[in-house]
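K.L.:
Pasting a structure below so you can have a look.
Read-outs throughout are calculated quantities, based only on the coordinates presented, and are distinct from any laboratory measurement. Just so it is clear, the structure is predicted and the values come from calculations on it, not from any experiment. Cβ placement follows ideal geometry from the backbone for every residue including glycine, while neighbour counts extend to all protein chains displayed.
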Amino acid sequence: MESSDRTPQHPVPERPVSERSEHDAALPGAGAERTPAGPTSGGPAAAAGQAPGAEQGTGAGETPAAAAPSNPAFHRQPYSFVRRGDRLSPKRQKAWDEHAGEWVLEIPRVMTDTSVDPSYRLDHEAAFGRVAPLVVEIGSGLGEAIVAHAAAHPELDHLAVEVYKPGIADLLMKAAQAGVTNVRVAQANAPEVLEHMLEPGSVHELWVFFPDPWHKTRHHKRRLVSPAFAELAARVLEPGGIWHLATDWQEYAVVMREVLDAAAADFENLHPGPLADDEHPDTGWAPRWEGRILTSFERKATEAGRVPRDLAYRRR
Ligand SMILES: C[S@@+](CC[C@H](N)C(=O)[O-])C[C@H]1O[C@@H](n2cnc3c(N)ncnc32)[C@H](O)[C@@H]1O
């Protein structure tokens with residue numbers, strides 16, 4: 001069941017809600033965990049790029065809502081996610097305890113524990129211990145795709161942006177098992193990461209795979225891929241940088257294409273042409289990107305009869 005229309009149009013602290021989107025349920029471990037969100041922890045790697053004087057890890061529930069109206073940076077767009085619990089299974093807790101300090105960035109917050117202080121900038125070299133082309137995945141879920149890619153491409157650095165702590169803990173577990181050292185995680189609201197934390201033109205490749213479809217009309221405003229988000233993506237992608245997208249929700253795929261084709265001044269569609277029809281089922285979409293591994297999420301979508309669509313755009 002999808003969430004009720006509880007869009008935070010005005011400043012309220014984030015908190016768990018009792019209803020989740022259908023896509024939340026597709027992530028193993030989602031659902032039962034509904035504890036209050038706590039502060040994000042981090043460690044030495046996290047000190048990278050910290051804004052001077054910024055407060056650390058403000059827990060959403062700890063921040064008085066009354067402070068919000070005077071805070072110009074507070075998120076005024078509807079969230080593209082429903083906050084779920086942060087409680088971890090023992091295995092995930094162990095992975096978190098062992099690796100979060102090194103790999104999860106410590107991000108200064110302004111209001112909620114997924115916000116990004118507008119003055120915070122990622123210091124890439126401090127965070128990764130080197131400077132290499134940066135791949136950013138928005139909504140990395142359980143981290144399957146980004147860890148696999150990081151293992152296959154040690155020459156690239158990878159930043160996973162995700163709000164779901166159990167998913168991040170899973171990513172840490174996978175990264176440790178794969179022995180990769182070129183992945184960092186931002187537990188933060190993606191639009192704020194693109195707007196504040198990442199320098200203009202600093203991203204080599206951007207991924208948005210299977211974002212929550214918010215399929216009810218009254219929830220469409222929560223969709224991640226929107227004209228405003230395309231502007232943020234254009235801001236961070238380097239000239240020639242590629243934006244890969246995929247969705248299993250046909251109508252959202254069409255919307256994504258309309259949104260990005262309308263941003264033609266910034267993005268070139270690498271697979272233009274008329275949209276697929278019954279006779280030509282694959283035109284107008286990118287072929288399945290070989291860099292994207294089959295995640296448990298995509299497998300379930302396919303088993304349920306949905307057809308994943310890929311899109312690929314180049315930053316002009
Ligand atoms: C449907 S899941 C897909 C996960 C993964 N990309 C995959 O293909 O398996 C969407 C993910 O995006 C995350 N998400 C949604 N909105 C977000 C936002 N504004 N910032 C960061 N993560 C977000 C959700 O927490 C969820 O884990």
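K.L.:
Say R0 is 25 Å: what FRET efficiency, to the nearest 0.05, do Asp277 and Glu251 get from their beta-carbon distance?
P.N.:
Working: r = 15 Å, r/R0 = 0.61.
E(calc), rounded to 0.05, equals 0.95.
K.L.:
Moving on to the next point. Obtain the nm distance between the two label points defined at Ala265 and Leu294 by a simple spin-label model: each point lies 7 Å from its Cα along the Cα-to-C-beta direction.
P.N.:
4.3 nm
K.L.:
Can you give the local net charge around Phe267? Use residues other than it whose beta-carbon is closer than 14 angstrom to its beta-carbon, Lys and Arg +1, Asp and Glu -1.
P.N.:
Residues close to Phe267 contribute a combined charge of -2.
K.L.:
Order of 155-167, 264-276, 200-212, 222-234 by packing, highest average Cβ count within 10 Å first?
P.N.:
Result, highest mean first: 155-167, 200-212, 222-234, 264-276.
K.L.:
Calculate the radius of gyration of the Cα atoms of the stretch 172-250 to one decimal place, then report Dmax, the largest Cα-Cα distance, as a whole number, both in Å.
P.N.:
Taking only Cα atoms of the stretch 172-250, I get Rg and Dmax of 14.5, 43 Å.
K.L.:
Find out how many positive minus negative residues lie around His149, taking Lys and Arg as positive, Asp and Glu as negative, among other residues whose Cβ is under 14 Å from that of His149. Write down the numbers at each step before the final one.
P.N.:
Values: positive: Lys174, Arg184, Arg292; negative: Glu137, Glu144, Glu155, Asp157, Glu205, Glu290.
It works out to a net charge of -3.
K.L.:
Please work out whether the stretch 201-316 counts as rounded, prolate or oblate from its C-alpha gyration tensor, where a ≥ b ≥ c are the square roots of the eigenvalues and a/c under 1.5 means rounded, while otherwise a/b larger than b/c means prolate and anything else oblate?
P.N.:
Values: a/c = 1.44, a/b = 1.35, b/c = 1.07.
Because its axes are fairly even, with a/c under 1.5, the stretch 201-316 counts as rounded.
K.L.:
Answer rounded, prolate or oblate for the stretch 275-316, using the Cα gyration tensor with square roots of eigenvalues a ≥ b ≥ c: rounded when a/c is under 1.5, else prolate when a/b is larger than b/c, else oblate.
P.N.:
Details: a/c = 2.86, a/b = 1.15, b/c = 2.49.
In terms of gyration-tensor shape, oblate.
K.L.:
Fully extended, how many nm does the chain gain between Glu303 and Ser119 (0.36 nm per residue separation, minus their Cα-Cα distance)? If you can, show how the numbers build up before the last one.
P.N.:
Details: separation 184, 0.36 × 184 = 66.24 nm, distance 4.41 nm.
Between Glu303 and Ser119, full extension yields 61.8 nm more.
K.L.:
Between Arg316 and Glu231, how many nm apart are label points set 7 Å from Cα along the C-beta direction?
P.N.:
Label-label distance for Arg316 and Glu231, simple model: 1.7 nm.
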